[in-house]
1. Which of the numbered conditions does Ala24 fail, given that it passes all the others? Conditions: (1) small (Gly, Ala, Ser); (2) surrounded by 13 or more Cβ atoms within 10 Å (Cβ to Cβ); (3) modelled with pLDDT of 90 or more.
2. How about the range 1-17: which of its residues are assigned to a helix (DSSP H, G or I) and loosely packed, with under 10 Cβ neighbours inside 10 Å?
Amino acid sequence: LGAVQQGLATGRGTELLAADLRHALGALGEITGDISSDDLLTSIFTQFCIGK
């Protein structure tokens, strides 16, 4: 998640941020059980204006 935070601060591309989030999600899933990546990404990216 630190990589995502740093990427947001430096303007890293959304595709790369999504890949970082999926990696973090996999690590969290190993600890806590299954987590829906679609739910997590939707929750995070609804806060940002992406596209256009």
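1. (3)
2. Taking the range 1-17 first, the residues assigned to a helix (DSSP H, G or I) are 2-10, 14-17.
Those that are assigned to a helix (DSSP H, G or I) and loosely packed, with under 10 Cβ neighbours inside 10 Å: Gly2, Ala9, Thr10, Glu15.
The values are calculated or read from the model by the stated rules, or taken from the named source; none is laboratory data. The shown structure was predicted, so the numbers you read here are calculated from the model rather than taken from an experiment. Cβ sites come from the backbone with ideal geometry, for glycine too, and all protein chains shown count toward neighbours.
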